Every structure is written in structure tokens, then in C-alpha cells.
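Participant: This structure is in C-alpha cells; I'll ask about it shortly.
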Amino acid sequence: MRTFSKSSKLNNVCYDIRGPVLDEADRMEAQGVKIVKLNIGNPAPFSFNAPDNIISAMTDNLRNAQGYSTSKGIAAAREAIINYHRGKGLSIESINDIYTGNGVSELIVMVMQGLLDNGDEVLVPSPDYPLWTAAITLAGGNAVHYVCDEQAEWYPDIADMEKKVTPKTKAVVIINPNNPTGAVYPKEVLEDIVKLARKHELIIFADEIYDRLLMDGVEHTSIASLAPDLFCVTFNGLSKSHMAAGFRAGWMVLSGDKSRAKGYIEGLNMLSSMRLCSNVQAQYIIPEALKGSGAPEKELLPGGRIYEQRECICSMLNDIDGISAVKPKAAFYIFPKIDAKRFNITNDEQFVLDFLKEKKILLVHGGGFHWENPDHFRIVYLPERKDLEFAMGELRNFLKDYRQN
Ligand code: PLP
């Protein structure tokens, strides 16, 4: 009998953030076990709601959203997007350089499909948001990981980046603010990355989906604003800042010197047309969302949920013997280090699986973010403070006598 397996292109794609540990959690849940989920950056299940004006902008426009839009999206959305990014210093020619997408995710896959031939290389951070690596691999390219340095607030290690450039390198990806570390890169670090991109004539792909989720008064600089002479693609969307991940409202912006990328842009236009358009009803919320700063300010200040949950998780983690964590400045992720020697951990996925089975708490292992050593894991601190306190208490208990064989 004829059988079907996944394509050979998918064989090398690794997307462990939704891998075997999650399968085990699903199995446990199906048996009625209640799992505390610290694994996924989806605000809605943790009682974060999209603001009322966003819901109204969508429901009020449902009748207007029945037909396809143009492949890049409705003009009102793209005008709001161009104004937002020009306000952040990007040099953008016209709304033709704005593409709406079904979330940033769809556009990440699109830009790599459009760019890469077999064996082309793209520099990607380690740790990364793993869709970037998966999309590059799926497109036939090789993701070459540069290290972000925990000792230096998780900023990219420029010397390591430089070492990893080869004649096949076409682009560099930066995720700023960062998932999974919560780092926000200062201007000087971004300027060094721009210098490197300029020297080696690389495209800059900047994933800035968390740029409205900043804490402690830090400021966000868009790397493309520092590189008007280079070709840059900047990604953003409403999944996180507007707690509306299910609406799938994302976009990308082409800026800088487009004369270098005429053929590539033709390809992007073709790919964008092939999927006809992104969700039209979600496009209608973009102008409303980008009025004002667009940030959920209350949540990010002392007394707000995201701020207080960060304070709680950070201090509880650092109080556990054998765990240390750099305080995140943005988003809602933390990437703690675990003393692998002390707990004899040689397999970080096994560690999170053991913790899940014993304590019914779901984390993601560092390897899921292309972190090489088995000594990190990610926590999403969206759950309420009482759940975080419970989970950290359980982690402390678990580690008291955990030793991996
Ligand atoms: N980029 C980063 C860094 C993310 O963390 C995520 C989602 O977690 C995405 C992109 C995808 O977002 P979207 O919901 O817009 O597809």
C-alpha cells in the first residue's frame, strides 16, 4: 500500500518548542492531569484581553472585510504602519514597502522562501526564536548561529558574528527585544551589527515584535533607523502588544537601499500575491492599535501584571541554589541558567521532561532555542503571580534531589 511521509525538505527542520515534551504534556492533559504552562507566549489563556477598542475595530468592520484585499493589505493599515515606523526613524519610500501578514510567522517563512538557494547562509542568534532557524532550513539555507552573551546582558557577541560570516552569508537576523532572553539592545551594539552588515553587504532582518513591551524606562532603537544605506526588513505585529495573538495581525517593512534588492522584492511580491492577502478583518485593527504609543503601559509599570510577574519570577529563580537568571527588560520571557554540573544534566530536554512528569509544570529546554549547552531553559511569565510562585516553589523542591543519570 502507498504511504506518505513528510518531505525530505522537512527532515532537517527542528521545531522543538512544540516537540516531544509538549506531546507528553498533551498526553497527560488528555488523562485529566492539570498542567501549569510556562511554555508559550500566548497572552489570552492567562486572562490578558485585547483592549475593547481593538475588538470594536474588528467587529465594526466585519462587513467591510468579506472580500480579499490587495496582496499587501488595505491602505489604512499600511498608512498606519508606515507612520509608526517612520516615527521610529526608518527611511521607507511608500506604502508599497509595507506587507501585512497572518502574523509575523507567515512573513518570516516568506522572506526566507524568497531569498535562499540551497546552501546559502543566514546569521541567527543563539538562543533564537526557533521559527527563524526552521524557516531558513525549510528554504534550503543554513542557519549559522552567533552567540548572545549572558555575561553581557545577553547582547550579541559581535566578534562571534564576524567569525561566522562566509562568502555564502546573505543576511543577519536580529531579534530585539529578544525572545527568549528579554534583552533590549543598546544603540552601540546595533551600530556594531550595522557595521558588520555594511562590511559584508548583508540584508538585515529585524524582528521587533516586542518593541512596545518595554520595562524600566529602556528605549528601543530600530536597527533599520541606523542603516538607511542598507536593505533592511523589519517585522512587527499585534499578537503580543495587543494581546491578540489569535487575530494574526503582523507586517513587515522594507527600508533603506532597495536598489540592492530589486529582484528579491519582485520575488516577495510574487509570494505575497500567491497567498492572496492576510486576514482582512485583522488588518482593520491595525490603525486603531497604532494610535498613540500602542503599548499596554499599565501592565509594564510597577503594579502592572507583566512588571510584577517579572519581579516575582526573577527573584524566585535567583533564590534557588544552582539557578541564575539575567533580568529581562522587555517582553515576558526569562532564560535562566541551571548549573548542569551540579545536577549532572547532560540532556536539557530530559530535564524539562522529568520536571513535567513529576511536578506537572511545563517549561521549554534551551536546546529548543538552538542553545548548544544543556544548561538553560525558558519560562514564559504570563501566568498569574500565584501560579508562578507555586511553580518556582516546585522547581526548588524538585532540584533538591534531582540528579540526571
Ligand atoms: N517573532 C518572535 C520573536 C516571537 O516571539 C513570535 C511569537 O512568539 C513571533 C515572531 C510570531 O508572532 P506572530 O504571532 O505575529 O506570528
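Participant: Taking +1 at the Cβ of each Lys and Arg and -1 at the Cβ of each Asp and Glu, which of Y185, F4, I35 sits farthest along the dipole of the chain towards its positive end, judged by Cα position relative to the Cα centre?
Facilitator: F4
Participant: A follow-up question, please. What lysines could a cross-link reach from K357, if we take a straight Cα to Cα line under 23 Å and drop same-chain neighbours fewer than 8 places away?
Facilitator: Output for K357: K34, K37, K337, K341, K386, K400.
Participant: If the cut-off is 19 Å between C-alpha atoms, which lysines fall inside it for K291, apart from same-chain ones fewer than 8 positions away?
Facilitator: Straight-line reach from K291, under 19 Å: K88, K240.
Participant: For the Cα atoms of the chain, what angle does the longest principal axis make with the long axis of helix 348-359, in degrees from 0 to 90, nearest 10?
Facilitator: Rounded to the nearest ten degrees, it is 60.
Participant: Rank by packing, highest mean first: peptides 173-184, 156-167, with packing defined as the count of other Cβ atoms within 10 Å averaged across residues.
Facilitator: 173-184, 156-167
Participant: Sticking with this structure for a sec: Give the angle, between 0 and 90 degrees and rounded to the nearest 10, that separates the Cα long axis of helix 20-30 from the longest principal axis of the Cα atoms of the chain.
Facilitator: 70
Participant: Pop the C-beta distance of V33 and L10 into the FRET formula with R0 = 25 Å and round what comes out to the nearest 0.05.
Facilitator: Here the calculated transfer efficiency is 0.25.
Participant: Going by average Cβ density within 10 Å per residue, which order do the peptides 265-276, 301-312 take, highest to lowest?
Facilitator: Ranking, from highest mean packing down: 301-312, 265-276.
Participant: A171's amide H: which non-local residues (gap 5+, or another chain) put their own amide H closer than 5 Å, with H modeled 1.01 Å from N in plane and none for Pro or chain starts?
Facilitator: Residues meeting the criterion, in which the H sits 1.01 Å from N, are L123, I203.
Participant: Taking 0.36 nm per residue of separation and subtracting the Cα-Cα distance, what length does fully extending N64 through N373 add?
Facilitator: Values: separation 309, 0.36 × 309 = 111.24 nm, distance 5.09 nm.
Length difference between fully extended and current span is 106.2 nm.
Participant: While we're looking at this one, here's another question. Relative contact order of segment 52-289, please, whole-number percent, based on alpha carbon pairs below 8 angstrom and at least 6 residues apart. Walk me through the numbers before you get to the answer.
Facilitator: Working: 453 pairs, mean separation 71.8, N = 238.
So the answer I get is 30 percent.
Participant: Then there is this: Apply the Karplus curve 6.51 cos²θ - 1.76 cosθ + 1.60, θ = phi - 60°, to the phi angles in segment 200-214 and return the couplings in whole Hz, x for Gly and Pro.
Facilitator: Whole-Hz 3J(HN,Hα) from phi for segment 200-214: 9, 6, 9, 6, 9, 9, 10, 8, 10, 4, 9, 5, 9, 10, 9.
Participant: Sticking with this one: Can you run phi through the Karplus equation (6.51, -1.76, 1.60; θ = phi - 60°) for segment 55-63 and list ³J(HN,Hα) in whole Hz, with x for Gly and Pro?
Facilitator: Those phi angles translate into 4, 5, 4, 6, 5, 5, 10, 4, 5 Hz.
Participant: Given only helices, namely DSSP H runs of n ≥ 4 each adding -39500 (n - 2.57), what is the per-residue ellipticity at 222 nm of the chain, to the nearest 500 deg cm²/dmol?
Facilitator: Roughly -10500 deg cm²/dmol at 222 nm, from the helical runs in the chain.
Participant: Grab the other residues whose beta carbon is less than 11 angstrom from that of Y284, score K and R as +1, D and E as -1, and report the net.
Facilitator: Its environment carries a net charge of -1.
Participant: Select from segment 39-100 those chymotrypsin sites (Phe, Trp or Tyr not before Pro) which occupy a DSSP coil region and have at most 11 other Cβ atoms within 10 Å, ordered by residue number.
Facilitator: Y68
Participant: For segment 389-402, take each phi angle, set θ = phi - 60°, evaluate the Karplus expression 6.51 cos²θ - 1.76 cosθ + 1.60, and give the result in whole Hz per residue in order, putting x for glycine and proline.
Facilitator: 3J(HN,Hα) across segment 389-402, in whole Hz: 5, 4, 5, 6, x, 5, 5, 4, 4, 4, 6, 3, 10, 7.
Participant: Further question on the same structure: Starting from the Cα-Cα distance between Q151 and N118, subtract it from 0.36 nm times their residue separation and give me the gain in nm to one decimal.
Facilitator: Working it through step by step, the gained length comes to 8.4 nm.
Participant: In nanometres, what is the gap between the two model label sites at E384 and E24, each 7 Å from Cα along Cα-to-Cβ?
Facilitator: Those two pseudo-labels are separated by 2.9 nm.
Participant: Hey, rough spin-label estimate for E188 and K258, points 7 angstrom out along Cα→Cβ, what's it come to in nanometres?
Facilitator: Here the modelled spin labels are 3.6 nm apart.
Participant: Could I ask something else about it? Between 0 and 90 degrees, rounded to the nearest ten: what's the tilt of helix 75-87 against the longest Cα principal axis of the chain?
Facilitator: Tilt of helix 75-87: around 70 degrees.
Participant: Follow-up question, since we're still on this one. Under a point-charge model restricted to the Cβ atoms of Lys and Arg (+1) and Asp and Glu (-1), what is the dipole moment magnitude of the chain relative to its Cα centre, in debye to the nearest 20?
Facilitator: Value, rounded to 20: 840 debye.
Values quoted throughout were computed directly from the atomic coordinates according to the rules given, and no laboratory measurement underlies them. A quick note: this is a predicted structure, and the numbers were derived from the prediction, not measured. So basically every Cβ, Gly included, is an ideal-geometry build from the backbone, and we count neighbours across all protein chains shown.
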